[in-house]
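For reference, the structure is listed below as structure tokens.
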Amino acid sequence: MSGQQTASRSQGRAAAVGGWARRWAANLGPGGMVSAGVVLLVVLAALVPGLFAPGDPTAVAPAQAYQPPGPGAVFGTDASGRDVYTRVVHGAGQSLGVGAAATAIGLGLGLLLGFGAALGPRWLDGALSRVIEVLFALPSLVLALLLVSVLGAGVGPSVLAVGLATAPGYARILRARAQSVVHSPYVTAARLEGVSAPEAFFLHVVPNTLWPLIAVGTLGIGQAIVWVSALSYLGLGALPPSPEWGAMLNAGRLHITSSWWLTVAPGLAITAAAAALTMLGRRLSAVEPA
Amino acid sequence: MRAVLRWLLGRLAAAALVAWVVATVVFFALRAAGGDPSEAILGGPGSQASEESMARVRQEYSLDEPLIVQYLLQLARTVTFQLGDSYARRLPVSELIGDQLPGTLALAGLGLVLAWALALAVATLAVSARGPIARRAVGLLRGGEVVASVMPHFWLGAVLIAVFAGGLGWLPATSSDNSLRSLLLPAVTLAVPVAGFLGQVMRDGLEEAHAAPFATTARTRGASERRVLWAHSLRHAALPAIALSGWAFGSLLSGAVVVETLFGRPGLGRLLIDATHARDVPLVIGVVLVIALGYVVVMSVADLLERVVDPRLRGRVEAVRTAPEGEVVS
């Protein structure tokens, strides 16, 4: 393959990406715009929390404990007098991080299983598909708990457990996708033209299978945030002094009726982030690359 | 008759497969955890299990045998439901599960009924909407469905407790028995996210059915909109929702884990959480197995129901749909 061909090929791909991004922006709609805004805010809070909350999330002030929301503290204060708003903002990084990490583990493993099933021999596909279906049948949280019971509690194990528990779902989507691409006319045409099997795999199958992953991954991060924070809420993930949203909920658990803001504020953050990521993921998947 | 037999065999195979997967995952996870598996079964390095109990576990789980023999024995135990004793509670696992099962089934059952009722109400309201303002409201409703479907149980439940138990004082904040008063808040908490999913599916189905030729035919014959909806469209819209009920039940059970903890309610979910905290591996395996098999049973019932509602499916061998399209986790 000459250098010129490579250049024009990558140029063509860049143009395709540009066109897709434009079409996607045009198709976002009002709901999608709001979601994109919320996601942007969460990402910004994760990267530079000081921008929204300059205070220290761990600064204790026992005299100010259990202050209800008011002018001094928008979301009130917790048992040690720490500002709940500051903690929610500073928790964005950890919550988004664990969600993304769990999704990366799930996607990576799903990629391996899904591609193995779609590209391997028929018996492998049959065996893997069966296993994937059964694992998918187990509720993710239950599967994650099974893994945590063996691996032990903590941030690392809970992220790993959620990642492993979501892998079958990704494998399922990826297998179907890779299979439809492998049997598509353009791959057959390329093979007939003399393109070798590995080259066809990297040139056609990989890019066309991975495209939809952006949408699936966005959706997945939203769901992973909810599952990881559920584990923290149950006391099996991040532990209370940390401003991770699930851990904050765990700390507020016993004060629901007296200090509702301890629960409402971080829960609102989880729900908003998850809903926005889900909505955005759906909009993304509605506009497929040509 | 042969079709029925084939169907039953298929269901049994599915159940066996579930047992195999649970046994395999546990087997390899226990080895991957590192250290002595007998220690892991007894609650990890922190538990400081005595030499005698470790020797007992080693014998019970045949840990001195070659790996392949250990694996086959684990399979045999799982398939024959020899769940063993809980190490934290020193009681047979089957007994512990049997005690907790009814409460969780009552909760998940009521949750499923509420979810269906909510989804049905939302979907029928949406397709009956006329006029620009109503259409706009339906647009908002779509967003509401998405928000409802991702809403974490632990948060929704906490808000419901704060409002209805704390603020208004109408219902108890903790739930201990199976009376309706005590079940209502936890069941609503479970139902809302599932209703969000089912509502989307049902609304899409109803909208599609309303535009289908058979609906037009019924209208030209003089049927009222209400009759078209209830006598013709609903049957079609219900199908995908029924197919998803198996999935929904799984979602309700994993929700029950959180909701039972939140409302201080005894049940299978609480048992699973406590066992996970104590790293009581035999008990965890038992609960997971029961939940997974429950899922197979519910899927089979959903499959049968689908055939009752749609005669076209009666020749089909196996259930097809297991999850909402594009959903990654159940």
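Once both axes come from the Cα atoms, what is the angle between helix B:131-150 and the longest principal axis of chain B, in degrees from 0 to 90, rounded to 10? Compared with the principal axis, the helix lies near 0 degrees. For region B:45-166, which whole-number percentage of the solvent-accessible area (1.4 Å probe, protein heavy atoms only) is attributable to carbon and sulfur atoms? Using a 1.4 Å probe with all protein chains present, region B:45-166 comes out at 65 percent carbon and sulfur. Note that the protein assembly as shown presents 44 Å² accessible area per residue, ligands and nucleic acids not counted, probe 1.4 Å. When all protein chains stay in place and ligands, DNA and RNA are ignored, the 1.4 Å accessible-area order of A:Ile214, A:Ile221, B:Ile242, largest first, is A:Ile214, A:Ile221, B:Ile242.
Sorting B:Trp230, B:Trp116 by solvent-accessible area of protein heavy atoms yields B:Trp230, B:Trp116, largest first, with a 1.4 Å probe. With loop membership from DSSP and a limit of 15 other Cβ atoms within 10 Å, the longest segment of chain B without GluC sites (Glu not before Pro) is B:1-317.
With one equal scatterer per alpha carbon and no solvent term, the Debye-computed log10 I(q)/I(0) for the protein assembly as shown at 0.10 1/Å reads -0.99. Helix B:2-32 against the longest principal axis of chain B: what's the angle in degrees, Cα atoms only, rounded to the nearest 10? Rounded to the nearest ten degrees, it is 50. Give me the angle, in degrees from 0 to 90, between the Cα long axis of helix A:140-151 and the longest principal axis of the Cα atoms of chain A, rounded to the nearest 10. Result, in degrees: 80. Note down the Stokes-Einstein diffusion coefficient of chain A in µm²/s, whole number, using a Kirkwood radius over alpha carbon pairs, 10 °C, and 1.306 mPa s. Rounded to a whole number, D works out at 75 µm²/s.
Mean partner shielding of peptide A:239-251, defined as the number of other chain Cβ atoms within 10 Å of each residue Cβ, is 1. Peptide B:251-264 has a mean shielding of 3, counted as Cβ atoms of other protein chains within 10 Å of each residue's Cβ. For the protein assembly as shown, the residue among B:Val201, B:Ala292, A:Ser258 whose Cα projects farthest onto the positive side of the dipole built from Cβ charges is B:Val201. Chains B and A together bury roughly 4600 Å² of accessible area, counting both sides, with a 1.4 Å probe on protein heavy atoms only.
Of all GluC sites (Glu not before Pro) in region A:133-201, which ones are in loop regions per DSSP and have a Cβ with at most 12 other Cβ atoms within 10 Å? Passing both the DSSP loop test and the Cβ count: A:Glu193. For A:Arg191, the accessible surface of its heavy atoms amounts to roughly 110 Å² (probe 1.4 Å, protein chains only, rounded to the nearest 10). At a threshold of 40 Å², the residues of region A:129-165 that become less accessible to a 1.4 Å probe in the full protein assembly than in their chain on its own are A:Arg130, A:Val134, A:Phe136, A:Ala137, A:Leu138, A:Pro139, A:Leu141, A:Val142, A:Leu145, A:Leu146, A:Ser149, A:Val150.
Summary of packing: across the peptides B:153-163, A:200-210, the per-residue average of other C-beta atoms within 10 Å ranks them, highest first, as B:153-163, A:200-210. Computed about the Cα centre, the dipole magnitude for chain B is approximately 1700 debye when only Lys and Arg (+1) and Asp and Glu (-1) carry charge, each at its Cβ.
The values are calculated or read from the model by the stated rules, or taken from the named source; none is laboratory data. Quick caveat: nothing in here was measured; it's all calculated off a predicted structure. Note that we place each Cβ from the backbone using ideal geometry, even for glycine, and neighbour counts take in every protein chain shown. In case anyone asks, the SASA skips ligands and DNA or RNA and just uses the protein heavy atoms, side chains included. Shrake-Rupley method; radii C 1.70, N 1.55, O 1.52, S 1.80 Å.
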